[in-house]
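K.L.:
Before I ask anything, let me first share the structure, which is written out below as structure tokens.
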Amino acid sequence: MNSKEPNQAVFESRSAQFGAARRKKKRVRAILLAVMSVVVVAVLAAGYYLFNLQHAFNSKSNTVALNFTPEQEQARPVKDPDDGSMNILLIGVDHADDDSGQSAALDGPVSQRSDSMMLVHIPEDRSQIYIMSTVRDMYVEIPGQGKNKLNAAVSFGGVPLLIQTLEGMLDTKVDHVAMIDFDGFKELSTALGGVKVDNDIPFTAHNTDYFYPAGEIVLEGDRALRFVRERKSFADGDYQRVANQRKFISAAAGQMLSSDTLANPGKLYEIVDKVSPYLSFDSGFDAATMVGLGLQLKKVDTKNLAMFTMPTAGSFTSADGQSVELPSERAIEQISHALKTDTMDQYFKEHPPEE
């Protein structure tokens with residue numbers, strides 16, 4: 001171990017004091033991604049009898065080509081054939097922050113790094129959905145690249161290297177991959193005919209003429225996207241942005257999964273039609289697979305998903321000057337065990353997420 005790195009035990013003891021506001025910000029960002037993913041699965045399952053719905057999804061969504069090298073494929077964990085649980089890696093991409101304007105490649109090195117990376121674990125009994133957000137600045141071993149921030153793996157080697165990094169860290173296989181562009185939320189709000197929220201603080205979005213009055217407002221298109229992104233207009237910055245994001249999430253999820261939406265074939269089709277171009281999945285994760293998964297998860301309450309952030313052990317400055325977060329080796333060992341033994345319910349009870 002590098003003598004300049006701080007003692008692991010010291011950072012374990014300080015982890016409770018570390019970045020509550022940052023954890024909340026990242027957790028809500030993760031919720032945006034997760035809710036969108038779960039809703040797409042639920043919508044497809046609700047409309048499973050509609051061939052056109054599945055056809056629209058398959059034809060308009062994108063495919064992640066997971067071109068593992070022979071060495072990467074050989075290093076991947078082997079899953080027990082009797083293990084019926086499922087692990088899905090969710091990757092959030094925000095092209096609005098990419099000045100190059102180019103779309104991110106999915107199977108090779110890309111210029112931008114992912115803002116959100118989550119591992120979704122679905123137990124064999126399909127009783128719950130566990131969504132673990134990973135900290136993008138976590139200082140980990142990236143195969144062939146040495147130590148760096150977790151999200152640097154995407155820049156170095158695309159999605160395959162990110163998968164290899166996570167699988168190596170957790171000794172658990174990733175079954176499927178989903179990449180979601182946050183611009184999809186803009187289209188989603190339009191497909192819903194606007195999302196109605198109760199706005200606490202009147203404000204004008206930074207560098208725009210978008211004014212959001214206090215009280216009940218309807219958010220649609222670019223105005224919806226700016227509402228959930230805005231922080232510079234508030235004295236408490238990220239705290240109010242988090243509050244606004246939660247309002248939007250709650251309202252959008254309620255509208256998307258309402259009986260009025262799920263029982264309306266035209267509305268289902270419009271949602272899938274508008275959002276699918278912003279979604280990318282591995283070749284084995286098509287509409288038919290999602291329909292089957294959605295039907296298996298029909299008893300899960302999507303408003304009470306089991307969500308948490310992978311614990312870290314504190315922050316420090318790396319030798320190359322980066323501000324990074326140390327992984328909690330103890331938490332990694334516990335989570336790895338829970339994933340491999342399909343006992344995430346027990347882990348979640350013993351380590352409830354911070355509010």
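K.L.:
If r is the Cβ-Cβ distance from Ser59 to Ser258 and R0 is 45 Å, what FRET efficiency results, to the nearest 0.05?
P.N.:
With a Förster radius of 45 Å, E is 0.95.
K.L.:
Quick check: net charge around Glu124, other residues with Cβ under 15 Å of its Cβ, Lys/Arg +1 and Asp/Glu -1? Present the calculation step by step, with values, prior to reporting the outcome.
P.N.:
Details: positive: Lys79, Arg126, Lys173, Lys299, Lys340; negative: Asp80, Asp82, Asp83, Asp125, Asp175, Asp342, Asp345.
Counting the neighbours of Glu124, the net charge comes to -2.
K.L.:
Give the residue from Thr289, Ile335, Phe348 lying farthest towards the positive end of the charge dipole for region 260-355; charges sit on Cβ (+1 for Lys and Arg, -1 for Asp and Glu) and the dipole is referred to the Cα centre.
P.N.:
Checked the options; the winner is Thr289.
K.L.:
Another question about this same structure. Please list the non-local residues whose amide H lies under 5 Å from the amide H of Leu219, H modeled 1.01 Å from N, same-chain partners needing a gap of 5 or more.
P.N.:
Those qualifying (amide H under 5 Å, at least 5 residues apart or on another chain) are Val195, Lys196, Val197.
K.L.:
With a ≥ b ≥ c the root eigenvalues of the C-alpha gyration tensor of region 281-355, is it rounded (a/c under 1.5), prolate (a/b larger than b/c) or oblate?
P.N.:
prolate
K.L.:
Continuing with the same structure: Averaging sequence separations of C-alpha pairs under 8 Å and six or more residues apart, then dividing by the length of region 188-254, give the relative contact order as a whole percent.
P.N.:
Relative contact order comes out at 34 percent.
K.L.:
Indicate the gyration tensor shape class of region 194-340 (rounded, prolate or oblate), computed on the Cα atoms with a ≥ b ≥ c the square roots of the eigenvalues: a/c under 1.5 is rounded; otherwise a/b larger than b/c is prolate and the rest oblate.
P.N.:
oblate
K.L.:
Which peptide among 62-71, 134-143, 176-185, 206-215 comes first, and what is the full order, when sorted by highest mean count of other Cβ atoms within 10 Å?
P.N.:
Ranking the peptides 62-71, 134-143, 176-185, 206-215 by packing returns 176-185, 134-143, 62-71, 206-215.
K.L.:
Also: For Thr63, what residues show an amide H to amide H distance below 5 Å, using hydrogens built from the backbone and excluding near sequence neighbours?
P.N.:
Here the answer is Phe281, since their amide H atoms fall under 5 Å of that of Thr63.
K.L.:
Please get the size of the charge dipole for region 188-254, origin at its Cα centre, with Cβ charges of +1 on Lys and Arg and -1 on Asp and Glu, quoted in debye to the nearest 20.
P.N.:
180 debye
K.L.:
Can you list the HN-Hα couplings for region 169-178, worked out from phi with the Karplus curve (6.51, -1.76, 1.60; θ = phi - 60°), rounded to whole Hz and with x for Gly and Pro?
P.N.:
Here the 3J(HN,Hα) series is 6, 9, 6, 9, 7, 8, 7, 9, 10, 9 Hz.
K.L.:
OK, next. Taking amide H positions as placed in the peptide plane 1.01 Å from N, state which residues far from Val135 in sequence (5 or more) or on other chains have amide H under 5 Å from it.
P.N.:
Correct list: Met310.
K.L.:
Residue by residue through region 305-315, which ³J(HN,Hα) values in whole Hz follow from phi under the Karplus form 6.51 cos²θ - 1.76 cosθ + 1.60 (θ = phi - 60°), with glycine and proline marked x?
P.N.:
5, 7, 10, 7, 10, 4, x, 10, 10, x, 10
K.L.:
Starting from the Cα gyration tensor of region 188-254, take the square roots of the eigenvalues, sort them a ≥ b ≥ c, and report rounded, prolate or oblate (rounded when a/c is under 1.5, otherwise prolate if a/b is larger than b/c, else oblate).
P.N.:
Cα axes put region 188-254 in the prolate bin.
K.L.:
Report, in debye and to the nearest 20, how large the dipole of region 129-265 comes out about its Cα centre when Lys and Arg carry +1 and Asp and Glu carry -1 on their Cβ.
P.N.:
So the magnitude is around 260 debye.
K.L.:
Starting with the highest mean, order 312-322, 160-170, 265-275 by the number of other Cβ atoms within 10 Å, averaged over the residues of each peptide.
P.N.:
The densest-packed peptide leads the list: 160-170, 265-275, 312-322.
No lab work stands behind these numbers, since they all come straight from the coordinates. What you are looking at is a predicted structure, and each value in this text was computed from that prediction instead of being measured. Cβ coordinates were reconstructed from backbone atoms using ideal geometry, including for glycine residues, and neighbour counts include every protein chain displayed.
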